[in-house]
Structure formats: structure tokens, C-alpha cells
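Q: Once you've had a glance at the structure underneath, I'll fire off some questions.
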Amino acid sequence: MTCEVKAKDRTGTINPIFTCQPAGAQYASIGIKDCIGIVHGGQGCVMFVRLLISQHLKENFEIASSSVHEDGAVFGALDRVETAVDVLLSRYPHVKVVPIITTCSTEVIGDDVDGLITKLEEGLLAEKFADREVHLLPIHSPSFVGSMVSGYDVAVRDFVKKFAKKGAPNGKINLITGWVNPGDVKELKHLLKEMDIDATVLFEIESFDSPILPDGSAVSHGATTIEDLQATGSASHTFALNRYEGAKAAQLLEKKFKIPAVIGPTPIGIRNTDSLLKQLSQATGKPIPTSLVKERGIALDAITDVAHMFLADKKVAIFGNPDLVIGLAEFCLDLEMKPTLLLLGDDNAGYVNDPRIKALQENVDYPMEIVTNADFWDLEDRIKNKGLELDLILGHSKGRFVSIDYNIPMLRVGFPTYDRAGLFRNPVVGYSGATWLAEQMANALFSDMEVKKNKEWLLNVW
Amino acid sequence: MPYHEFEVSKVIPERKLHAVVKGPGEDLTSCLPKGYLNTIPGSISERGCAYCGAKHVIGTPMKDVIHLSHGPVGCTYDTWQTKRYISDNNNFQLKYTFASDVKEKHIVFGAEKLLRQNILEAFDAFPEIKRMTIYQTCATALIGDDMAAIAEEVMAERPDVDIFVCNSPGFGGPSQSGGHHKINIAWLNQKVGTLEPEITSDYVINYVGEYNIQGDQEVMLDYFKRMGIQVLSTFTGNGTYDSLRGMHRAHLNVLECARSAEYICDELRARYGIPRLDIDGFGHKALGDSLRKIGLFFGIEDRAEAIIAEETARWKPELDWYKERLQGKRVCLWPGGSKLWHWAHAIQEEMGVKVVSVYTKFGHQGDMEKGVSRCGEGALAIDDPNELEGQEALRTLKPDVIFTGKRPGEVAKKMRVPYLNAHAYHNGPYKGFEGWVRFARDIYNAVYSPMHRLSAIDISKDDYETGKGFVTRRMLSDADLSEDAKASPITGYTGKFDPIPDLRKKTDYPVFARRVAAAE
Amino acid sequence: MAKKEKKDIARANYPKLYTSDPLADLDADTREKVSELENYIMKNCLWQFNSRGWDRRKQNAGILGMTAQLLIGEDVEISTAIDKCYWVDAVLLARNFTARCAWLGGMGAEELRTIMTKLHARIDWLTIDGSLNEELTVQNY
């Protein structure tokens, strides 16, 4: 056994890879049309998450705060939520969905958000907003549990739970993408279109990449509607692409509405995309069209140009959301690379039982470490003090200084990627994503060869 | 009545008292918005929390310190890598952040033991760092952990380390300003006077309320060093922990951002008799007068005059080049707190722009007094603005450029208003004589961006010009200028992309003989 | 050498000097002159905006008092570091006034004293007694 899975061996966090649950719930909430969440807690829990999202997407999204101040922390702050709902609905007449997202402070105080929602439904909504369609729902996302990943998972489940209805079978599948970028959604929708499969995509966030319009009227928001969410209860199958970001909702639909759930694989790389297409085909009876054979071939053609000549045996560290990290590691192996260190975020005890991780443990023929509840010190300490040698780092922008200070090239992948332009526009999933990843990894290595004058002449001929 | 009621805020009438338009004959006794009151829930205010005010704004710019937040990981992650307060020790404080990583079991059973382990682990990971600040968060404030007691224990165990404890949970006040206040007072009470500094000059100052955004502090320190002044400490940008323990020995507190740091200056004045001198590091006249005042205080005004003469000769012509091209451009000056008054008058006088609105996210009425005073008639002043009000103001005021935060900048972008980052700057530093030209350059680049002109065109409706392959900024900015102006040999800013590395290398500072042997 | 001083217990009890604009009945010419000086201060200075009323009272009296003395040509007494800080702001203010307002040069000592007294009253009114700032009377910093 050369692939070890272990938890971070320190109690504290030095340079966190992940933020906390409310951030995940907020990211899910902006995927829904006519939805503005209210985060019940201090104002920083919203302000910084909005900033983070705007750093990543270079767009602004609306999320409100209940603005809990000192008195609320002492005496309970439900009155702040009451006011927040009233003010928000009064000033945003288009808003239909208002998730109340809890935080550490309001969970510790013990504010009964569920009870308040019932009270508001019977009071405020029935009286003041009787002519409006308004849905309130609680999302419990205390910051001291899980991470932004579980917060996203919980929120997706809670949205589905709130809205899903059993209707006549609509012949659609539910596609729960997990925490992805607009570019990923675009690629996934493209694959579905080629397969001639009608799907409800949760969440429909292609529109996050929004324009400047001449009249200055554009705003960024997701496009998943209440009707979309309701229709999830009438689908034939649910495909949750990520085990840790959306599977809870798929399981809920399976349990409640007997809709079969297909969980994973995260379609990163050729092989995982192949698996997804086959599962889609099996579930829907639709054949895989020759157009995708061709697209797959273009990807393979591109990857062949770089894989065994440049990428083979390159040692890679990968950090970020667990499904992304695992998917990237799998693809790297297919590319003949050597992922040597995988850093997974929170303290989810389930990671060790993930079949993909078990497969890595059974088959990897070189030393590989997988660290759960990891932070960036798990990466830096190994480089600085323990002799870890790396050719490449894959992960998001918060790890940028490890790359910069130790002169290791890094391809920005995941969330957030604020220190590179436009990455959210590119997919990492599907055949296009496979091409993009392989080529960008190669380009990162090429730039590094030139900066370090390390066989920089190699590319004179290629 | 100078109060301004936003259409979008008619349903929250209390907002009416938070915006004013300064009309003819209005002064501060009739025209001042309310400020620093509790935020209206659900209004989508831009305010942050008191934790970030303490940790992110004031604490973290201290450069030789392990900054440990006691709480779940999010507060730490969120306040990491969103600012540009650099330092000359390879940016340790920007690169490293620490969280005690409080989980559910700690909420139930207490997290003091966890904190203790964390402190030791962090010092062990960075053996060269011997100083730490610990910041409370909402969660650990509510469970009542005694952070000070743990810090005392560790300090007793490890005599070479020193720990500062800041109890400023996120909910502690209407905005980040609550945290500014708490950390000012906590630092004064816990740390000032606990270390005697070495005095090397007859002229000793603390430089307070300066956070070294993109190198501002280093620019100003260059001037002070050229004057032979010892900067005992900077509170806090590029400052060291131990130097700030010796603040009580300065002869003068030179204060920039009064919003975030006047508390400590006022207390130092009351407790130690150290005068507080408010200055502006922004703007050639204001900065010149500021240096003159510091020079006068120490009887070395000639040294200030020499710097002013040299710097003005070098940079004023370039500033004037921009001024000619920015005449009458309408500005929304929408920062967090102090920039609204630091900049309002200086940009109008020295860059020719017109400030049509000021706002403050977390300022107090005192900031608005300064801001409203320094604007011209007709300017709309908004306290604690919210998203819809900002959009309404942009629609009605139609500014040519907005100076605000990163995320509100995205709102402006969609509304076709170019934005400059007022907190972190676009391409700063903006302080100093050269920095001020850099600011003018950034404004010019934003206002005359050819892309900005293109974004106004609706190709489906408008009859737009074809046949041009490009437009330059000069083609846009100089179209209506006189032939003389067009013929100017100056073509804008001629400094480097980053002026700070040269300052760090600089060693040829004059050595002035001390008048008397150190009496301290 | 600096030493800890006792807290100023009279802080929040600083007396109110004006209940209305002290210049309301001033002749137009003097009024305009005071406005010119006032405008310079409000646009360029920060010393008048300390956070608490009792400090503002001291700042205004210290700096404007010394400015008057400087303009008149009287000796200014500086006995503490804080006095010196007033003086510094006063010197710059006097210089900027003189450079901007040529009419000051034609005034005699009494005229200068009068107009500076009016200015002081006006600045006190704007920043303290007529101020809408609700934090001026907060007891602590």
C-alpha cells in the first residue's frame, strides 16, 4: 500500500483551503432565479462571501444579511430576520424565493428559524404579501460543521426538498452539477443536447457570465426557476455528478419520489465523461451519437499531443473541493502523470470510504498521500521541510503563494480562481474540459521551462 | 430640507435621514446624515462586521505577527487575500493566516484547549515569529472562551513570545467600525508601554491610521526619513508588533485615517500628552502642508520645503497634464470611510474632476462632516448605502467614474460606469507626490478607455461609425483641447510600474547630528 | 517625559456657547470675509473635526486663538507639546489665509482680532454647538 489517507495531524488551520458552510449555501442560492437569500448572522458572513464570488466571477450577486448586532447576539435575533424578510420583499418585488441561511452565531444562540418561517407564512406573507408568490425556507449551515462543500450540498437538498413535487412523469432527467463554473454548465448542456436528453439542470448558472449591455441594464443571476425545482419530483432519473455537492438532493428524491439516483462520476477526463455518457444512455435509452465520437476524438487528438511527451511522470499536488480533486487526480493518472498529494477539505469522515479513493489506494504504484481536513500548510510544510518535489500544482487561487514562493507552476482550477482572467468561462468537465485541462497543464509547464531556462529550447520543434 | 429620499427606499422611511444633498446656503448644522446606526436588516447594505474591522483592517497589516482567529475556519478564509497591505518582510502577513478551526464538539464542550494547542502549533510552524494576535469571532464570543487566560498561560510557558488578544466578535457593532474601535483600545490597554523603544532622533513620531496599501506607508516613510524623523511605529501597515508597544514614547502622533485610528491617538493624547496631528497624505497641496506642519513641529521646516520643492518639480507637470484632461469629469466617491474626506477636495482642486456624490459604508457622522464640507454644492452624501440606492444614484447622477470597492465596482461595471478600487487602489500607491499622479493616471485610463465608448453602442439599433481600426485615449481626451495643450511634451505618468522596490533599496538618507544627547 | 494623566472628568460637561448661529446678524461684508476664511478651513483642514465636543472646543480655541495672534503679530506662548501642535496648524492657517485673502493685509490688529473672534464663533457653531453630530457628547473615545 503506497497510497495513504490521513487526516491533518494538527488541530488548527494554517491557510485554509475551504471556507465555511454558509458560503456554500450562498453559492447555491444565487443559482436560482428571483431568489435572494438572507444570511442570518453577522454582516461579514455575507459581505465577504459576496466579495469572494465577485472576485471569482467578476460579477456582482445579491445576497442579504439579517445584520445581527450585539443586542441580537444577547437576546436572540429572530426579529432581525422578520424585518429582513419584510424589507427585502418590499424593495425587491420580483423576489419569490428567500432562503434563510444560518451561521455559527445564530445556531449557537439557538434562534428558531423554522418556527419563525411558519410564523411569517401565517402572518407577514399572508397579510402584507398575499398577492405575491413567496417561498421561505430554512437552510441550516452552521459554520462549525463541515465546510462550504457540505453547505452547498445541504442547500441543494433543502431547495429540492422545499419545491420538488410529484407530477406526471416529465421525461426529463435531473442533472445536479455540483459546485461548478458557467463554462462547465455550458459543456454539460452541450453533451445533453448531443444526446438528445431533456434535463433540468441544477443549477442553471451559465448566465453567471453576463454581458455589459448598452443600456446598462444587465444583472447577473442564475436561471433555475421554481418550476424547474418543482419538476425535479417528476423526473425519470437524477444524476448528481458530485458525490459531495448534490448527492444529498439526489438521495432525497430517490427516497421521497422513487426517482433513481445516479451519483457520480464527476465527469472530469475522457474516461469519466465516457462513464457519464454511458449511464445517461442506459438511463434514457438514447444512443451516444457519432457527433460525440468526433468530439471525443478531437479531445484525444489534442491530449495525445501533450500527454506522453510532456505530462508523463510529472508530479502533481491537487487541492480543492473533494470531487474536483479526485476527478483531476484520476484524469492525471490517465495522462500518465503522478498525483502525489491530494488535499481534501473538511473533516468529512466519508472520504475514506469513497470508492474512487479506494481504487487509488489499490492501484497507485508510487507514493501518494491523501490528506483530509487539509490546509495549505499540509502542502507548504511538505515542500519546505519534508522534501516533497512537485512539477505542478492544481488548485484554486488561495494557494497562489505556494506556487509563487516555491517556484512551482500552478494551473488554477476550481473556486475561487480570481488571480487569472476568465477561467470560470472554461469547462473542466466533459471532453472539452479534458482538452482544456491537458493543454493548460502543458502550457503551464512550458511557461515554467522558459522562466527557469529548463530545456526551454525543447519547444523549438514540436 | 437637505435630506434625500431614494425612490427605492420609500418603504424604509428611516433611510431618509441617511442621505443629504448639500444645497446653497446649507452648512453642517442643517445638512448631515445620520451615521453609525444599526443596519436595516435585509437592505443589502455593504457593511462588514466588527471582526473584520479589527482583524482584517487594523490587525493584519502588522507584519511580523501570527494572526490567529479563534473560531470556525470561514472568518479566517474570508478575510485572507482580499486586501493589498504589503510589507517589506516578504508579505508574511498577507500570505499566512491562522484559524483555530472550531468544530461542533468545541461549541458544545468549549474550545480553550483547542486554542492553546493552536497557539503552540502556530509558533512551532514558524519558529522565527515570536508575536501573535488572537481574534475572537462570533462563535467563540458566544461560548465564552477566555482567550486572554490562555494567552497568559502560553506567555508564561514560553517567555520569548508575546500575544495580543482582541475581543471583537463580528456582531460587535453596526459595522467594521466597531472592530476598529475595539482593537485600538485593546492595543492601547494591553500593549502600549510594555516595551521601551530605542530613540535615535530628536524628532520622533508614530504614524497612525496608515495601512501600507500598495506601499503608501513606505512612500511616506521615505519623506520622514529624508527629514531625519524617526518613525517609532506605524499603526499598523508594514508595522512591527514590538514597535507598536513603544508608541508612548513618540513626540507626535501623525494621523492619517482618523476613522479607524483616532481612538488610540486621542487616548495617547489624554494619557501621555502626545499631540495628535491630522494629516492628508493624498494631494500635492495637502501633503505639502502636512509635511510642513511636521517640519514646523520639530523646527525643521526647511527639510520639508526641500522635499516639497523637489517632488513638486518632478511630478506636478504630469499631474497638471491629467488635470487638463479630467476637467469636469463627474465622480462618485464611494469608499469605506476616510477616503471620502481625504480625496473629496483634493481631486477637485488638483485633478479638475467634480465630486457629485460621496458615501461611506462604515463611517460615522464625523466622517460625513469632513466629507460634506469638502464637497461642492449639490453633492449627494449617503451613509450606509445599500445596493438599490447605489444603483438609483448611479442612474440619476450619471457619473463618469466611480471609486469604490471591488464588488460594488462590478455593479457599476454593468451600469457602464468605469470603476477604480478605492480601498486597494488599481495601480497604487496613491499617497505621496508621485502616487497622486498614479491616481490621476488611473482615473484617466478608466474615463478614456476606448472599450468604455464601445460598450455604449447598440449594434442592433445604432448607426455606428465603421472604418476605424482603433481609437487611443489621447484621441478621446484631447479632442477638445487647445492646440497648445495638445502640443504638450508631456504624455502622462512616467514612473515605474512599481516604485516601491527602489524605496526599499534606498540607503542614501541624510544623517543629521542630534541637538542634544538622548534624554530619554 | 510623558506621563499618564488623569482622565479629564469634565469631558462631556463642556459648556454650550451658542444656541444659534453667532454670525446671523453680521453685516454682509464681514459675513463674506468670515465665510471665505471658514470655507478655507472646512475644505482644507482636519483639526476642527476631532471626534468629541470637548476636544473640538480645545482645538478650535487653541488653533484659531494662535492664528489670530500670528496674524496680528503677537508672540504666541507655547508651553506644552499640545500647544506646539496647535501652533503648527495655526502657522499654516495664517499663511494660507494671508496668501488667499489679500484683504487681511489691510486690516489692523483690532480688526483682525474681531474677525478672528467671529470666525472662531462660527467654527464653534458649525462643529460643536450647532453640530448635528450625535457622537460629540459620547463620554469615551
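The values are calculated or read from the model by the stated rules, or taken from the named source; none is laboratory data. From a predicted model like this one, the values you see are computed outputs, not experimental measurements. Please note: Cβ atoms are built from the backbone with ideal geometry, for glycine as well, and neighbour counts cover all protein chains shown. Calculation scope for accessible area: heavy atoms of the full protein, side chains included, ligands and nucleic acids excluded. Shrake-Rupley method; radii C 1.70, N 1.55, O 1.52, S 1.80 Å.
Q: Working only within segment B:360-393, note down all residues that are within 29 Å of A:Ala218 (Cβ to Cβ) and out of contact with any strand residue (DSSP E or B) (no Cβ under 7 Å at 6 or more places or on another chain).
A: Of everything in segment B:360-393, those that are within 29 Å of A:Ala218 (Cβ to Cβ) and out of contact with any strand residue (DSSP E or B) (no Cβ under 7 Å at 6 or more places or on another chain) turn out to be B:Lys361, B:Phe362, B:Glu387, B:Leu388, B:Gly390, B:Gln391, B:Glu392.
Q: Shifting gears a bit: A:Val98 is checked against (1) within 25 Å of B:Gly71 (Cα to Cα); (2) buried (at least 20 other Cβ atoms within 10 Å of the Cβ) and fails just one. What number does that condition carry?
A: In the conditions (1) within 25 Å of B:Gly71 (Cα to Cα); (2) buried (at least 20 other Cβ atoms within 10 Å of the Cβ), A:Val98 misses (1) alone.
Q: Tell me which residues, restricted to segment B:50-75, are out of contact with any strand residue (DSSP E or B) (no Cβ under 9 Å at 6 or more places or on another chain) and either farther than 25 Å from A:Lys58 by Cα or assigned to a loop (DSSP other than H, G, I, E, B) (or both).
A: Hit for segment B:50-75 is B:Ala50, nothing else.
Q: Just one of B:Glu157, B:Glu104, B:Glu153 is open to solvent by 20 Å² or more (accessible area, probe 1.4 Å) and at the interface with another protein chain (Cβ under 7 Å from one of its Cβ atoms); which is it?
A: Step by step, each of B:Glu157, B:Glu104, B:Glu153 is checked, and only B:Glu104 is open to solvent by 20 Å² or more (accessible area, probe 1.4 Å) and at the interface with another protein chain (Cβ under 7 Å from one of its Cβ atoms).
Q: Write out, first by first residue and then by second, each pair whose Cβ atoms fall under 7 Å of each other, whose residues are 6+ apart or on separate chains, and whose first residue, in segment C:73-92, is more than 7 Å from chain B (Cβ to nearest Cβ) while the second is open to solvent by 60 Å² or more (accessible area, probe 1.4 Å) and not in a loop (DSSP other than H, G, I, E, B).
A: C:Ile78/C:Lys84
Q: Against the definition (in a helix (DSSP H, G or I), within 27 Å of A:Ser234 (Cβ to Cβ) and open to solvent by 10 Å² or more (accessible area, probe 1.4 Å)), how does A:Gln279 come out, yes or no?
A: In short, yes.
Q: State the number of residues belonging to segment A:2-40 that are more than 7 Å from every other protein chain (Cβ to nearest Cβ) and at positive phi.
A: Number of matching residues: 1.
Q: Out of all the residues in segment B:227-280, which are more than 20 Å from the chain's Cα centre (by Cα) and of a type in the set (Ser, Thr, Tyr)?
A: B:Ser243, B:Tyr272
Q: While we're on this one: Quick check on my filter: what residues within segment A:348-381 are farther than 28 Å from A:Ala312 by Cβ, within 14 Å of chain B (Cβ to nearest Cβ) and touching a residue at least 12 places away in the same chain (Cβ under 8 Å)?
A: Residues satisfying the conditions are A:Asn348, A:Thr372, A:Asn373, A:Asp375, A:Trp377.
Q: Also, quick follow-up: Here is a check on your reading of the model: is B:Val372 out of contact with any Lys or Arg (no Cβ under 7 Å at 6 or more places or on another chain) and either within 27 Å of B:Arg395 (Cβ to Cβ) or assigned to a strand (DSSP E or B) (or both)?
A: no
Q: Every residue in segment B:395-413 that is open to solvent by less than 10 Å² (accessible area, probe 1.4 Å) and either modelled with pLDDT under 95 or facing chain A (nearest Cβ under 10 Å) (or both), please.
A: B:Gly405, B:Gly409, B:Ala412
Q: May I ask you to verify whether B:Leu17 is more than 8 Å from chain A (Cβ to nearest Cβ), part of a helix (DSSP H, G or I) and surrounded by fewer than 24 Cβ atoms within 10 Å (Cβ to Cβ)?
A: Yes: the conditions hold for B:Leu17.
Q: What tally of residues in segment A:407-427 results from selecting those that are of a type in the set (A, V, I, L, M) and open to solvent by less than 20 Å² (accessible area, probe 1.4 Å)?
A: 4
Q: Looking at B:Asp222 and the list (1) open to solvent by 30 Å² or more (accessible area, probe 1.4 Å); (2) closer than 18 Å to B:Ile294 by Cβ; (3) of a type outside the set (A, V, I, L, M), which single condition is not satisfied?
A: (1)
Q: Give B:Ile229, B:Ile213 a once-over and let me know the one that is crowded, with 20+ Cβ neighbours inside 10 Å, in contact with a Phe, Trp or Tyr (Cβ under 7 Å, 6 or more places away or on another chain) and over 23 Å from B:Thr60 (Cβ atoms).
A: After ruling out the rest, the residue left standing is B:Ile229.
Q: Test C:Trp103 against the criterion of being crowded, with 16+ Cβ neighbours inside 10 Å and either modelled with pLDDT of 95 or more or not in a helix (DSSP H, G or I) (or both), and give yes or no.
A: no
Q: Run down B:Val471, B:Val447 and say which single residue is β-branched (Val, Ile, Thr), touching an Asp or Glu at 6+ places or on another chain (Cβ under 6 Å) and surrounded by 11 or more Cβ atoms within 10 Å (Cβ to Cβ).
A: Among B:Val471, B:Val447, only B:Val447 is β-branched (Val, Ile, Thr), touching an Asp or Glu at 6+ places or on another chain (Cβ under 6 Å) and surrounded by 11 or more Cβ atoms within 10 Å (Cβ to Cβ).
Q: Is at least one residue of segment B:311-331 buried (at least 24 other Cβ atoms within 10 Å of the Cβ), closer than 25 Å to B:Glu5 by Cα and out of contact with any helix residue (DSSP H, G or I) (no Cβ under 6 Å at 6 or more places or on another chain)?
A: Yes.
Q: Select, from A:Ser210, A:Ser234, A:Ser220, the only residue that is in contact (Cβ under 8 Å) with a residue 40 or more places away in the chain, more than 14 Å from chain B (Cβ to nearest Cβ) and hydroxyl-bearing (Ser, Thr, Tyr).
A: A:Ser234
Q: Separate question: Looking at B:Leu380, is it away from chain A (no Cβ under 14 Å), open to solvent by less than 20 Å² (accessible area, probe 1.4 Å), more than 25 Å from B:Leu291 (Cβ to Cβ) and under 18 Å from the mean Cα position of the chain (by Cα)?
A: Taking the combined requirement at face value, the residue does not satisfy it.
Q: For segment B:360-371, give me the residue count where each residue is open to solvent by less than 10 Å² (accessible area, probe 1.4 Å) and either modelled with pLDDT under 95 or small (Gly, Ala, Ser) (or both).
A: 2
Q: Report, ordered by the first and then the second residue, all pairs with beta carbons closer than 7 Å, sequence separation of six or more or different chains, a first member in segment A:191-205 that is over 22 Å from A:Lys278 (Cβ atoms), and a second member that is open to solvent by 20 Å² or more (accessible area, probe 1.4 Å).
A: Close Cβ pairs (under 7 Å, with a partner that is open to solvent by 20 Å² or more (accessible area, probe 1.4 Å)) amount to A:Glu204/A:Ala223.
Q: Sticking with this structure for a sec: Which numbered condition trips up A:Ser90, out of (1) out of contact with any Pro (no Cβ under 7 Å at 6 or more places or on another chain); (2) buried (at least 24 other Cβ atoms within 10 Å of the Cβ); (3) over 19 Å from B:Glu104 (Cα atoms); (4) within 7 Å of chain B (Cβ to nearest Cβ)?
A: Of (1) out of contact with any Pro (no Cβ under 7 Å at 6 or more places or on another chain); (2) buried (at least 24 other Cβ atoms within 10 Å of the Cβ); (3) over 19 Å from B:Glu104 (Cα atoms); (4) within 7 Å of chain B (Cβ to nearest Cβ), only one is false for A:Ser90: (2).
Q: Pick out the one residue from B:Ser45, B:Ser30 that is within 30 Å of B:Thr133 (Cα to Cα) and open to solvent by 20 Å² or more (accessible area, probe 1.4 Å).
A: Selected residue: B:Ser45, the only one of B:Ser45, B:Ser30 that is within 30 Å of B:Thr133 (Cα to Cα) and open to solvent by 20 Å² or more (accessible area, probe 1.4 Å).
Q: May I ask you to verify whether A:Ala329 is in a strand (DSSP E or B), in contact (Cβ under 8 Å) with a residue 24 or more places away in the chain and not assigned by TED's automatic domain parsing to the domain that holds A:Asn242?
A: no
Residue-wise test of (1) assigned to a helix (DSSP H, G or I); (2) in contact with a strand residue (DSSP E or B) (Cβ under 6 Å, 6 or more places away or on another chain); (3) acidic (Asp, Glu).
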residue: A:Thr266; (1), (2), (3): no, no, no
residue: A:Ile270; (1), (2), (3): yes, no, no
residue: A:Ala283; (1), (2), (3): yes, yes, no
residue: A:Ile288; (1), (2), (3): no, no, no
residue: A:Ile298; (1), (2), (3): yes, no, no
residue: A:Ala302; (1), (2), (3): yes, no, no
residue: A:Asp305; (1), (2), (3): yes, no, yes
residue: A:Ala317; (1), (2), (3): no, yes, no
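Q: Do we find that B:Gln93 is at pLDDT below 95 and either closer than 14 Å to B:His56 by Cα or open to solvent by 10 Å² or more (accessible area, probe 1.4 Å) (or both) in this structure?
A: For B:Gln93, the condition - at pLDDT below 95 and either closer than 14 Å to B:His56 by Cα or open to solvent by 10 Å² or more (accessible area, probe 1.4 Å) (or both) - is not met.
Q: Answer yes or no: is there a residue in segment C:43-50 that is more than 21 Å from B:Glu267 (Cα to Cα) and charged (D, E, K, R).
A: Scanning segment C:43-50, I find at least one residue that is more than 21 Å from B:Glu267 (Cα to Cα) and charged (D, E, K, R), so the answer is yes.
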